[in-house]
Amino acid sequence: MSEERILELVSKKVLGVITPKEQLELSALLGEHPEEQQQVGVLYEYMAAGYHNDEAVKQRKAEESWSRVLEKTTVAQQGSPFTDTVLPVTKKRRWYAVGVAASVLIVAGALIWFMAGRPAGTGKAANIVATNKGSKSMVVLPDHSKVWINSDTRLNYDESFGKGLREVTLEGEAYFEVEKNKDLPFIVHTSNMDIKVLGTAFNVRSYANEANAQTTLVRGSVQIKLLNKEAGKKIMLRPNEKAIVRNAAYHAVDAADTAEVTVVAVNRNGADSLIYETQWVSNRLAFENERLEHMLPVLERWYNITIIMKRKAPVQRTFSGVFDNDSIDDVLKTLKLTMGFDYRKDNSLVYIF
């Protein structure tokens, strides 16, 4: 039963819909079954490889990931540095079976879940741009608008885009530079809000496993319509303002004293005067007064790793800083000194104590 539950939770993690409670459950299960941890780490990569758009690349990534699974489970007895245990052949075959099944179901399930969650009236999706963890992309839309797409993000738009409609659906994070067209407003749909613009530059961040969604306006103007508790409420943003919308799906309890939306001024990094929210476009990993528990999903996406918390992080400690092309080892060493934790890194798995 534990293997099936681990697989289910890993699948949710790949989809980006795992809740904090389920993340803690996954960490606990892996702690109770250390023999599964190495396999789960590589199986996670194997299933996540299915998100790649290019079929040849997807197949190659999946084959490479599964080859690593086989290598790590068969050469340990010859002194392999990857693992301390040898996975029995029967168990290895079972992991292969569930891995193949999961890799198929996870892609099909992702598409079904993603399409089912799209707002009504946007038509049939013809184009889906998706990035894996640890990768980024840029796409030019039919209207010549440019979109930079962060890690673990999915963007889709209809075949009718630019022909009476300019609408996209986003799950994840993207930076938009929209071509002006007063007759065709540009609309970004997320699970928490719709963002309507004419021509502007702005950043949208909307991950299911984060406490809030954000829209940051760099220039121009945007109108935000809320979709959750205050559905229908509209907010106008001015340049250098950020709207922070509470992600109800993240919170187990709908706290009445927590604001649905907050508008704040954005701060600029003193070193280069750039705002923190768009540093990722220049391949810089930026944090501003972030707690460790909120930084971990970002690190997982950025470096394509899995982080397992052994103890709850100190809530009073926060971190601000920018990492410019730093390795995950350098980042962990810095955070260890400032946030007060210890860690152990085992290939693509990181354990925080």
Can you name the condition, by its number, that Gln223 falls short on among (1) open to solvent by 50 Å² or more (accessible area, probe 1.4 Å); (2) part of a loop (DSSP other than H, G, I, E, B); (3) modelled with pLDDT of 90 or more?
(2)
Residue check for Thr122: among the hydroxyl-bearing types (Ser, Thr, Tyr), at pLDDT below 90 and open to solvent by less than 10 Å² (accessible area, probe 1.4 Å)
yes
Filter pass, Arg284 being at pLDDT 90 or above, in contact with a strand residue (DSSP E or B) (Cβ under 8 Å, 6 or more places away or on another chain) and of a type in the set (Lys, Arg)
yes
Turns out the strands (runs of 3 or more DSSP E) fully within region 278-353 with at least 1 residues that are open to solvent by 20 Å² or more (accessible area, probe 1.4 Å), basic (Lys, Arg) and farther than 17 Å from Ser151 by Cβ are 284-291, 343-346
Ala313 is checked against (1) among the small types (Gly, Ala, Ser); (2) at pLDDT below 90; (3) over 27 Å from Val10 (Cα atoms) and fails just one. What number does that condition carry?
(3)
One residue is enough: does region 199-215 have a residue meeting the conditions out of contact with any Asp or Glu (no Cβ under 7 Å at 6 or more places or on another chain), of a type in the set (D, E, K, R), more than 17 Å from Pro142 (Cα to Cα) and modelled with pLDDT of 90 or more?
no
Restricting region 136-177 to residues that are touching a residue at least 40 places away in the same chain (Cβ under 8 Å) and in a loop (DSSP other than H, G, I, E, B), the one surrounded by the fewest Cβ atoms within 10 Å (Cβ to Cβ) turns out to be Asp143
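The values are calculated or read from the model by the stated rules, or taken from the named source; none is laboratory data. Source: prediction; values computed, not measured. All Cβ positions, even for glycine, are placed from backbone atoms using ideal geometry, and neighbour counts span all protein chains on display. To get the accessible areas, we keep the full protein, side chains included, count just its heavy atoms, and leave off ligands, DNA and RNA. Shrake-Rupley method; radii C 1.70, N 1.55, O 1.52, S 1.80 Å.
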